[in-house]
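Below is one structure; the comments refer to it alone.
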Amino acid sequence: MDKHLYCCQNTAQNYLDHIIPVPDDFKIDPDCLYGISKEDFIEGLKGLTVIIKEMYFDMILSPEEYGLPLVEDIEYTPFNPKAAESKKSAARLVATLKALVQCGELSNGEIIVNKKLFSEICKNKDYKVSNSAMIFKKLSDFGFAVGGFNGKSFDKNSDIFSFSYMDDNGITPVLYGFLKDKPLKDPLLSLNYYWAIKLEERPANNHQMIFAEYLSGDEREFYKRFDDCMESEGFVTGSAADYRYFSIEYVIDTKNEKRIARCHSDYGKLQIHLQLHKSDNYVEYIENLPERIKQMFRKESTCRSCRDNCWLPFHRTFEGVAYTDCGYGNYFDIPCFEPHDIEYYCQIILNEVKVQKSKKGKIRKRFCDY
């Protein structure tokens, strides 16, 4: 889909796009169950997921009502603090819920929150919840209640307050169990069910399986086959490759963690980036590839982080044309997802790795994220 006007809207759209439907049955970490059954947890999580999706959709429509900074997306760069803050501000919704759980205790279907501790947590760099009053106002619009506990009225002078969901008693214990004692990481911002699975019981290829859920049709099939090829060639993924909720990275090995490829889901669309610095050494192979593949080598990469002067340029020549790419954020986008082209892309990667190892001996450690 098309991007929205403001940075915060696009982040909210990405969170919304990456919420996976809760299955009817899955293995739940017992530590997530606070006085409710597995069946009730699953049903409650389904209801909570619907609420969060509705709130993200509402946030996209009216970000100012959540107190989010309205900075146009065209202004975003890592060097623009205001734009970066707008981009991150959509995280305030779930960060607020996580802060409530972090400093609260579950009692009779309500979360009893320490007001002072909540205020302190919101200032923590991992949360950075500002305009929490506006977030609370929107939460109340969607059925949540803030007040005194056990039916008592809210007292502004009290050092505690309660938080609950009015229309469904099963929502609050699910919210508490889902977020309690978990670090606030990007994946949690979409409240996906797999974070309720015990870590050691998740499949070895859990990240790839989850990522595939974000895709549909031909893109999902292409990604699965690409992942199988990369795995068979020994390129490692997962924790050694800086996994994020919307991407899978492939590195040459766990020792040097040099990135060679990245699969990324951007607004529900698959993108695959190949990080190639030595293509001149296997240019004869590239020149004999199908036209649809060669087109990705006819584009000069754009520097994303060096501002005016690129401090690590890479020079290459293709079809008699000289290109200067940025080594800090250099990558090549796979232009189309034809399943029978996977063997070509994998061979390109194998050629790149072979040249890097033979020409340089020791491969430079990864020094950036793009």
Given GLU219, GLU231, which one is at pLDDT 75 or above, part of a helix (DSSP H, G or I) and crowded, with 16+ Cβ neighbours inside 10 Å? GLU219
Given (1) over 25 Å from LYS123 (Cα atoms); (2) out of contact with any Leu (no Cβ under 7 Å at 6 or more places or on another chain); (3) of a type in the set (A, V, I, L, M), number of the condition LEU106 does not satisfy: (1)
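Looking at the range 234-270, which of the residues that are among the charged types (D, E, K, R) and in a loop (DSSP other than H, G, I, E, B) is modelled with the lowest pLDDT?
Here is the first cut: in the range 234-270, the ones among the charged types (D, E, K, R) are 242, 244, 249, 253, 255, 257-259, 262, 266, 269.
The next check asks that each one be in a loop (DSSP other than H, G, I, E, B); those that pass are 242, 253, 255, 257-258.
Values: ASP242: 40, ASP253: 78, LYS255: 73, GLU257: 74, LYS258: 83.
Selected residue: ASP242.
Provide a single number: the residues in the range 85-131 that are part of a helix (DSSP H, G or I) and either in contact with a Lys or Arg (Cβ under 9 Å, 6 or more places away or on another chain) or within 16 Å of THR11 (Cβ to Cβ) (or both). Steps first, please.
Initial filter on the range 85-131 (part of a helix (DSSP H, G or I)): 85-89, 92-102, 115-122.
If we keep only those that are either in contact with a Lys or Arg (Cβ under 9 Å, 6 or more places away or on another chain) or within 16 Å of THR11 (Cβ to Cβ) (or both) as well, we get 85-89, 92-96, 98, 101-102, 121-122.
The total comes to 15.
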Looking at the range 119-130, is at least one residue modelled with pLDDT of 90 or more, out of contact with any Ser or Thr (no Cβ under 7 Å at 6 or more places or on another chain), among the basic types (Lys, Arg) and surrounded by fewer than 21 Cβ atoms within 10 Å (Cβ to Cβ)? no
Six or more apart or on different chains, Cβ atoms under 9 Å: show the pairs whose first residue is in the range 50-64 and within 15 Å of LEU97 (Cα to Cα) and whose second is among the basic types (Lys, Arg). MET55/LYS138
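Take the residues in the range 52-75 that are of a type in the set (Val, Ile, Thr) and buried (at least 20 other Cβ atoms within 10 Å of the Cβ), then tell me which one is nearest to the chain's Cα centre (by Cα).
Start the filter on the range 52-75 by keeping residues that are of a type in the set (Val, Ile, Thr), which leaves 52, 60, 71, 74.
Okay, now just the ones that are also buried (at least 20 other Cβ atoms within 10 Å of the Cβ), so 52, 71.
Working: ILE52: 16, VAL71: 21 Å.
So, considering only residues that are of a type in the set (Val, Ile, Thr) and buried (at least 20 other Cβ atoms within 10 Å of the Cβ), the one nearest to the chain's Cα centre (by Cα) is ILE52.
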Every residue from the range 10-35 that is surrounded by 20 or more Cβ atoms within 10 Å (Cβ to Cβ) and farther than 24 Å from ALA212 by Cα: CYS32
Kindly establish whether GLU343 is buried (at least 18 other Cβ atoms within 10 Å of the Cβ), assigned to a helix (DSSP H, G or I) and out of contact with any Asp or Glu (no Cβ under 7 Å at 6 or more places or on another chain). no
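The values are calculated or read from the model by the stated rules, or taken from the named source; none is laboratory data. In this text the structure is predicted, and so the values were computed from the model without any measurement. Quick reminder, even Gly has a Cβ in these numbers, built from the backbone with ideal geometry, and neighbours come from all protein chains shown.
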